[in-house]
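Any read-out appearing in this document is the output of simple, stated calculations on the displayed coordinates, not a laboratory observation. Fair warning: this is a prediction, and the values are worked out from it, not measured in the lab. As a convention, Cβ positions derive from the backbone with ideal geometry for all residues, glycine included, and neighbour counts pool all protein chains shown.
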Amino acid sequence: MDYLEIEGGHKLSGSIDIAGAKNAALPILALTILCENEVEVCNLPPVFDIKTMLTLLENLGATYTFEGDCARVNASTVNKTEAKYDIVRKMRASILTLGPLLARFGHCEVSLPGGCAIGQRPIDLHLKALELMGANIEIKQGYVLATAPDGLKGATIIFDKITVTGTENIVMAAALAKGETKIINAAKEPEVVQLCEILNDHGVLIKGIGSDELIIHGRDRTLLNIPEITVIPDRIEAGTYLCAGAITNSTITLNRVNHSHLISIILKLQEMGFDFDLREESITIKPSPKIRNMSISTTEYPGFPTDMQAQFMALALLADGTSIIEERLFENRFMHVSELTRMGANITLNNNTASVTGKVPLNGADVMATDLRASSALVLAALVANGTTRVHRIYHLDRGYVALEKKLQQLGAKITRLSE
Ligand code: UD1
């Protein structure tokens, strides 16, 4: 198993390119199930989760090639409808095949994803919405067995909670349903918006894109023809490197970003004292003479993303005074706290709120990654800790960050990937 060894205390400088967004690419790959042609998907990040989704599509009968950052996926040949436990257990987002498979074939069998390190993460809202669209859902031996022999029908769906992959699943199901589907309380994340825009540009009329109310005109099982798609930049990867610049109090530039997706992150960093230069597709973060404490409450887009909570907690360790971080989306997303504490951090947890005392010296230690974003917080803390930190179990990082250690090396960090 690989681990990262990081020597703290070095400033960063220079620039790196930000990859395509994993969380936008995953639903886009699932979308190929609705296409009658080969789809070229570019700016695809070559991370483990993307490879897992491509393997899942292949298991269903699709073919693909993946060179550089472009994959050509032909899912017109899909002839199986079972997303097996062996793949779903590796990646929860496999659930994104549920809507497309059911819409195209009228039945499918998708393993239940189960909980994960950050919480229970049920899929009840996905299932309830599909039932409203005429599906019959049974849970048997850990699988969702879904049938809709006469196809899915348009319906009005009100999501009790805002769900990103739930909205994506239902948008894709609705694209091939008969009639109009209205989703109320839809997610508005840029990844959802890109999915809707692609559909809208290729024969599925969608009203309300970017709002919390979507109306999707279904094509009654007529497959789509989408020649090519370019995945939007990864706002969470960009946010993580902005935190790397901030925590080391350095000037670094990120290229190939979309600032409009980064507003809540930029505003929070400005509040902490950092300054930025924004150019068309790049952003430069500049040092702050004094890092101010802050408070964060994670919420749905355009609010502060839960996927950036751990990285900002690492940054809060260097702020003057106490920062308050409230996690509102996932019940168990503080696994990084105990590892940061092992590095000397002073963090008090009270239910879903962490109080982080800044300016306590951090010391290198052996720490363990527990989930994707928690892992990047440990790397950030290691960049400023005294001495050497070893971050173990970095397969979590490899699920979602493209060549993390190479990009940090390019910026001047002393970081090496080694094998246990
Ligand atoms: C997606 C992102 C993930 C991000 C999260 C929140 C992908 C592949 N993953 O995850 O990185 O952290 O959005 O921005 O895009 N919920 C239910 N029932 C459901 C569905 C969700 O109760 O059927 C709850 C969840 O437990 C959670 C909240 O709703 O508390 C939001 O979850 P959701 O938006 O669905 O997260 P994901 O789509 O799984």
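Using a simple spin-label model with pseudo-atoms 7 Å out from Cα toward Cβ, residue 420 and residue 107 lie 4.3 nm apart. At a Cα cut-off below 27 Å, give the lysines reachable from residue 140, other chains included and same-chain residues fewer than 8 away excluded. Residue 140 reaches 80, 84, 90, 128, 153, 161. Size estimate for the stretch 329-396 follows the Kirkwood approach: the inverse of mean 1/r over distinct Cα pairs works out to 12.2 Å. The spacing between the stretch 320-355 and the stretch 80-100, judged by their C-alpha centroids, is 32 Å. When only Cα pairs below 8 angstrom with a gap of at least 6 residues are kept, the chain shows a relative contact order of 21 percent. How far is helix 22-31 tilted, in degrees, relative to the longest principal axis of the Cα atoms in the chain, given as a value from 0 to 90 rounded to the nearest 10? Here the helix axis deviates by roughly 10 degrees. Beta bridges assigned by DSSP with both partners in the stretch 285-420 are antiparallel in approximately 55 percent of cases.
Scoring 170-178, 194-202, 217-225 by mean Cβ neighbours within 10 Å over their residues and listing the highest first yields 170-178, 194-202, 217-225. With 10 Å bins beginning at zero, the pair-distance distribution over Cα atoms of the stretch 165-321 amounts to 10, 34, 26, 18, 10, 2 %.
For a modelled paramagnetic label at residue 55, 7 Å from Cα along Cα-to-Cβ, the residues of the stretch 367-404 in reach, with backbone nitrogen under 17 Å, are 394-401.
Once R0 is set to 22 Å, what does the formula 1/(1 + (r/R0)^6) return for the Cβ-Cβ distance between residue 363 and residue 406, expressed as a FRET efficiency to the nearest 0.05? About 0.25, to the nearest 0.05. Taking Cα atoms only, the orientation of helix 372-384 departs from the longest principal axis of the chain by about 20 degrees. Summing Lys and Arg as +1 and Asp and Glu as -1 over all other residues whose Cβ lies under 10 Å from the Cβ of residue 63 gives a net charge of -1. Cβ-to-Cβ counts within 10 Å put 366, 371 in ascending order as 366, 371, the fewest first. Spatially, the stretch 195-251 and the stretch 1-62 are offset by 14 Å when compared through their Cα centroids. Taking only the C-alpha atoms of the chain, the Rg (one decimal) and the largest Cα-Cα distance, Dmax (whole number), read 21.5, 65 Å.
Once the convex hull of all Cα atoms in the stretch 253-397 is built, its volume per residue stands at 107 Å³. Note on the chain: dipole from Cβ charges, positive end direction compared against 3, 61, 24; the farthest Cα belongs to 3. Close amide H partners of residue 221, meaning residues 5 or more places away or on another chain with modelled amide H under 5 Å apart, are 177. Here the stretch 280-305 is scanned for amide nitrogen atoms under 20 Å from the site 7 Å beyond the Cα of residue 256 along Cα-to-Cβ, giving 280-285. Charge tally around residue 111: other residues with Cβ under 15 Å, Lys/Arg +1 each, Asp/Glu -1 each, net +3. Ordering 216, 265 from the fewest to the most neighbouring beta carbons within 10 Å gives 265, 216. As a proxy for reagent exposure, 375, 260, 297, 76 were ordered by neighbouring Cβ count within 10 angstrom, fewest first; the result is 260, 297, 76, 375. Sequence-distant contacts, meaning Cα pairs under 8 Å at least 6 residues apart, place the relative contact order of the stretch 15-89 at 33 percent. For the chain, the antiparallel share of DSSP beta bridges with both residues in that region comes to about 70%. Amide H to amide H distances under 5 Å link residue 35 with 224, where only residues 5 or more positions off or on other chains count and H is placed in the peptide plane.
Compactness ratio of the stretch 1-96: Cα Rg over 2.2 N^0.38 Å, N = residue count?
So the stretch 1-96 has a normalised radius of gyration of 1.31.
Across the stretch 217-230, rounded Karplus estimates of 3J(HN,Hα) from the backbone phi angles (6.51 cos²θ - 1.76 cosθ + 1.60, θ = phi - 60°) give 8, x, 10, 6, 6, 7, 5, 9, 10, 10, x, 8, 9, 10 Hz, Gly and Pro being marked x. At R0 = 22 Å, how high is the FRET efficiency between residue 136 and residue 202 if r is their beta carbon distance? Nearest 0.05 is fine. It comes out at approximately 0.15. Applied to the stretch 308-314, the Karplus parametrisation 6.51 cos²θ - 1.76 cosθ + 1.60 on θ = phi - 60° returns per-residue 3J(HN,Hα) values of 10, 4, 5, 5, 6, 5, 4 Hz, with x for Gly and Pro. Note that the stretch 107-113 has calculated 3J(HN,Hα) couplings of 6, 6, 9, 10, 4, 6, x Hz, one per residue in order, obtained from phi through the Karplus relation 6.51 cos²θ - 1.76 cosθ + 1.60 (θ = phi - 60°); glycine and proline are x. Expressed to the nearest 5 percent, the antiparallel share of DSSP beta bridges inside the stretch 145-232 is 65 percent.
Rg then Dmax, both in Å and based on the Cα atoms of the stretch 104-231: 14.3, 39. For the stretch 210-295, GluC sites (Glu not before Pro) are listed when DSSP marks them as loop and at most 15 other Cβ atoms sit within 10 Å of their Cβ; the list is 280, 281.
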